[in-house]
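Participant: My questions all concern the structure below.
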Amino acid sequence: GLPLDVLVHCGVHDSNACLARYLRSWPRLTLVSTGTWVVVMAPGIPARNLDPRRDMLGNVSVRGETVPTARFMGGREFEYLCGGASPLDADLGTVSGLLDAEVYALPCFEAQGGPFAGASGSILFGDQVLSREEYLGRFTARERATLASLYCADMIGWIYKELAAIGPVVLEGPFTQNPVIVEALGAILPPGALHVSVDEVEGTARGGWALARWAEPRISDPRVVEVAASERAGKLRARHARWSQRAAACGTTVSPDLV
């Protein structure tokens, strides 16, 4: 009984809506959509790079393209590592102390999904593995929030490499407001690759809005800024390499039946 001229619009998952926002202007990029899930989407790269044991999959964009994707529950893991600290406690001035003390958060801290699903997360302080109580007692709120930020940057950098993704890399969502994640990713990723959204409205909302106006030329291009490497870039890259070596031993317990 609907009139013949009624328009029907299809809905879309939030991270895919965020990707849709960029596909109009950036046909080839790696998009990092952040929130409860951190979803890394790399349209244009070969699907042969996907490893189902690492929770990598092929999503489908709003244009019908296969989009190699990997993910982890970054928001929940961040909250766990904060241990009651506010995300706003993440502090650039605290990074050097954690680097010098060789403190690492190794995956993973959330059992649901991600490339290290089933592995038991741990905090390394030098050569010592800390219990949860020792971790909360040893580190301040600022240190915990900063370590949580470094962990999320390490995970995103690891996924980027494992996907064999390409730049530019656009960071979207709440993590754009975290200066530690931005600085660490700017060091871990190839020089000049990282761009951060500075739009006052997240890409998910912009993308959902654009789906109903896809053919309209007046839709604005995404607003992003390129992130330059900091003075600590060399130390952060070296730290990430050590983190990656330690993370490799964490393994995964995905059932062979799912592969």
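The values are calculated or read from the model by the stated rules, or taken from the named source; none is laboratory data. Please read all numbers here as calculations on a predicted model, not as lab measurements. Note: ideal-geometry Cβ built from the backbone for every residue, glycine included; neighbour counts use all protein chains shown. Only protein heavy atoms, including side chains, enter the accessible area calculation; ligands, DNA and RNA are left aside. Shrake-Rupley method; radii C 1.70, N 1.55, O 1.52, S 1.80 Å.
Participant: For the chain, what is the charge dipole size about the Cα centre, in debye to the nearest 20, if Lys and Arg each add +1 at the Cβ and Asp and Glu each add -1 at the Cβ?
Facilitator: Computed about the Cα centre, the dipole is about 540 debye.
Participant: Need the full-extension length gain, A248 to E226, defined as separation in residues times 0.36 nm minus the C-alpha distance. One decimal, nm.
Facilitator: The A248-E226 span can extend by a further 4.9 nm.
Participant: Run a plain Debye calculation on the stretch 95-143 (Cα atoms as equal point scatterers, no solvent) and give log10 I(q)/I(0) at q = 0.19, 0.24, 0.30, 0.32 Å⁻¹, rounded to two decimals, same order as the q list.
Facilitator: -0.68, -0.94, -1.12, -1.18
Participant: State, as an integer percentage, the relative contact order of the chain based on alpha-carbon contacts under 8 Å between residues 6 or more apart.
Facilitator: 25
Participant: Roughly how many Å² is the accessible area per residue of the chain, as a whole number, for a 1.4 Å probe?
Facilitator: Accessible area per residue, the chain: 48 Å².
Participant: Which whole-angstrom value gives the distance between the alpha carbon centres of the stretch 123-188 and the stretch 7-83?
Facilitator: Centre-to-centre (Cα) distance: 19 Å.
Participant: At a 1.4 Å probe, what is the % contribution of carbon and sulfur to the accessible area of the stretch 46-93?
Facilitator: In the stretch 46-93, the share of accessible area belonging to carbon and sulfur is 47 percent.
Participant: In debye to the nearest 20, how big a dipole does the stretch 121-188 give about its Cα centre with +1 on each Lys and Arg Cβ and -1 on each Asp and Glu Cβ?
Facilitator: It comes to approximately 100 debye.
Participant: At 222 nm, what value in deg cm²/dmol follows for the chain if DSSP H runs of at least 4 each add -39500 (n - 2.57) and the sum is divided by all its residues, to the nearest 500?
Facilitator: For the chain, the value works out to -11000 deg cm²/dmol.
Participant: Still on this structure, please answer the following. I'd like the per residue volume of the convex hull spanned by the Cα atoms of the chain, given in cubic angstrom.
Facilitator: It comes to 149 Å³ per residue, whole-number rounded.
Participant: Moving on. Can you give me the Rg/Rh ratio for the stretch 114-259, using Cα atoms for both radii and the Kirkwood formula for Rh?
Facilitator: 1.03
Participant: So if R0 is 45 Å, what FRET efficiency would L2 and V198 give, r being the distance between their Cβ atoms, rounded to the nearest 0.05?
Facilitator: 0.65
Participant: If you take every DSSP beta bridge fully contained in the chain, what fraction is antiparallel? Give it as a percent rounded to 5.
Facilitator: Beta bridges within the chain, antiparallel portion: roughly 75 percent.
Participant: Continuing with the same structure: Under a 10 Å cutoff between Cα atoms, tell me which one of G167, G234, G64 has the largest fluctuation in the Gaussian network model of the chain.
Facilitator: Most flexible of the set in this elastic network: G64.
Participant: How tilted is helix 179-188 with respect to the longest principal axis of the chain? Cα atoms for both, answer in degrees (0 to 90, nearest 10).
Facilitator: 90
Participant: Please compute, for the alpha-carbon atoms of the stretch 1-130, the extent along each of the three principal axes and give them in descending order in Å.
Facilitator: If we take the Cα atoms of the stretch 1-130, the spans are 68, 34, 29 Å.
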